[in-house]
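The values are calculated or read from the model by the stated rules, or taken from the named source; none is laboratory data. Predicted model, so just to flag it, every value in this text is computed and none were measured. No Cβ is skipped: glycine too gets one built from the backbone with ideal geometry, and neighbour counts run over all protein chains shown.
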Amino acid sequence: MPQRFAIGMLLMHVDTPRDREARAALAGALPDAEVGEPDELGVFEIALDAEDQDDALTRVWDAVAASGTDDHIVFLEHPELPEHWRRYSGRPA
């Protein structure tokens, strides 16, 4: 049975015309989702029905790819993997 999930997203350039276009394109790629308005930092949520959180994340990931908005919109943070990016940050080994 599907349930409602909210996925946090971030506009990379806060309130530029291109970021607004990217958010609209992403919303178009997710017609059954509610795409919230960004706050002053560029943070917004996408609420959608999915089987589980992984399904919700995959659907949003696929929509970002399909809409070509990955240069302007990123996931705020994966809720099950806090600081999942940290192992990639820093100087090359």
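Data table
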{"item": "Subset of the range 49-63 [surrounded by 20 or more Cβ atoms within 10 Å (Cβ to Cβ) and under 13 Å from Gly8 (Cβ atoms)]", "result": "Ala56, Val60"}
{"item": "Candidates Val14, Val35, filtered to the one that is at pLDDT below 95 and among the aliphatic types (A, V, I, L, M)", "result": "Val14"}
{"item": "Residues of the range 75-93 satisfying the condition of being modelled with pLDDT under 60 and among the aliphatic types (A, V, I, L, M)", "result": "Leu81, Ala93"}
{"item": "Qualifying residue in the range 67-74 (condition: in a helix (DSSP H, G or I), at pLDDT 90 or above and crowded, with 19+ Cβ neighbours inside 10 Å)", "result": "yes"}
{"item": "Residue check, Phe44 under 14 Å from the mean Cα position of the chain (by Cα), surrounded by fewer than 18 Cβ atoms within 10 Å (Cβ to Cβ), modelled with pLDDT of 75 or more and not charged (D, E, K, R)", "result": "no"}
